[in-house]
């Protein structure tokens, strides 16, 4: 979904609100209860794919800037926490990783040529109408992002897009063309769901201040014991490692010319100064791989107490964002004492011997007490608000509030409120009203309980619009993606570290 939204930027304003509804519908009404401090190299692991801190941070900043722009500059970290922006970003990355796992299992791959074609098509890297390696390098330097990280992100996006195209082959490729894959009946049904009904609702709010939550050590320790599986260390590996640096490999002009003639052009032509840095990099990498293969024999003879030139003892965690999936999978699938042949590590190569494996262990209570306290308080607050709401449900008398949601007006004004509440609280309340299976009903949103009773409804005449075409297609896509997500979530293990 994110890839489609990025590609069809003309409709981003419309689809972003639908995504907000989807987040709420997926259970995002208990905002602000999680601790998102990052204490590991990865924020999550999905199947064989780790989501690194770097990827999470970059994606979060993009989402934050989008919110900042959408709200006219009136957005800060406090507001980001109130809408659980970090949680939304994490779930998007997890969904993307699920799709990539499946794509890899199907045998789909992205070639280096495909990655470079995308990068070369980005106008920001162009100079005088052509791709400029200097502009590309300058951008990466300014953003403090390595080529490996940037190109890996492009590769991941392309892999997700391949699955997306398989699922939705009829989506328009032209970013200015309106997506219209929904049937007339689906569009009419959506209109009545989103715009075709005006409600008059009796509403009462029970604030968090109405209840008190006490915390004692006995309760926290009991909660810790019941949920100990959620507070475990990440598996790690003690290894002896030799890293062979590509940049340190020597070369002569003759070496480069011979390499260039063999790998780039017909024999006899001289390489230009413009292409020379690329040739040097490729030649050194080839030489580094050859040198790295020689180090395998040294490591095979080594033991835990051996001293080998250029070798160092490392502890590599399974949630490490520094090492590739190939390296982590090799460590996981091989036993203690195994020497692993050289594997690429960025522009270099690393050769490993596994000295020991450290399985996960439950973290001590004192180490996670702060996290447990927050989780326990949120759980108790939710339960007490729920009890209060259920107790008052049949007798409450709230104030009358008109409720009508118009996606067309929302797209024009980018504003929606019920009874003066902020946008996200109002959207969550709207979702609760629409999904309520009984009348009256209630919802816990943030740190408040909302009791509501639909007093009357008015059906409005159907009115087709371009916004309805877009949103109906979007919801159809979303329904398919939900089915795919359910399947993939049952297929691949998801571990969250924040």
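Brief remarks on what is shown
- Bins of 5 Å, starting at 0 and running to the largest distance - Cα pair percent for segment 236-358: 2, 11, 19, 18, 15, 11, 8, 8, 6, 2, 0, 0
- Calculated FRET efficiency, residue 422 to residue 121, Cβ-Cβ distance, R0 = 56 Å: about 0.90 to the nearest 0.05.
- Each principal axis of the Cα atoms in segment 365-459 has its own extent, and those three values, largest first, are 56, 36, 21 angstrom.
- Treating r as the C-beta distance of residue 436 and residue 362 and R0 as 41 Å, the FRET efficiency rounds to 0.50.
- Exposure proxy ranking for 201, 211, 403, based on other Cβ atoms within 10 angstrom of each Cβ and starting from the fewest, stands as 211, 403, 201.
- Between residue 489 and residue 286, the C-beta separation translates, for a Förster distance of 30 Å, into a calculated FRET efficiency of about 0.10.
- Exposure proxy ranking for 492, 224, 434, based on other Cβ atoms within 10 angstrom of each Cβ and starting from the fewest, stands as 434, 492, 224.
- Spin-label pair residue 108/residue 133, simplified geometry with 7 Å Cα→Cβ offset, distance in nm: 3.2 nm
- Reducing segment 90-134 and segment 283-343 to their Cα centroids gives an inter-centroid distance of 28 Å.
- Paramagnetic reach from residue 213 (point 7 Å along Cα→Cβ, amide N under 14 Å) across segment 427-447: 444-447
- Residue order for 168, 56, fewest other beta carbons within 10 angstrom first, comes to 168, 56.
Read the figures in this text as sums done on the coordinates, not as results from a lab. The model shown is predicted, which means the values in this text are computed figures rather than measured ones. Every residue, glycine among them, receives a Cβ derived from its backbone with ideal geometry; neighbour counts consider all protein chains shown.
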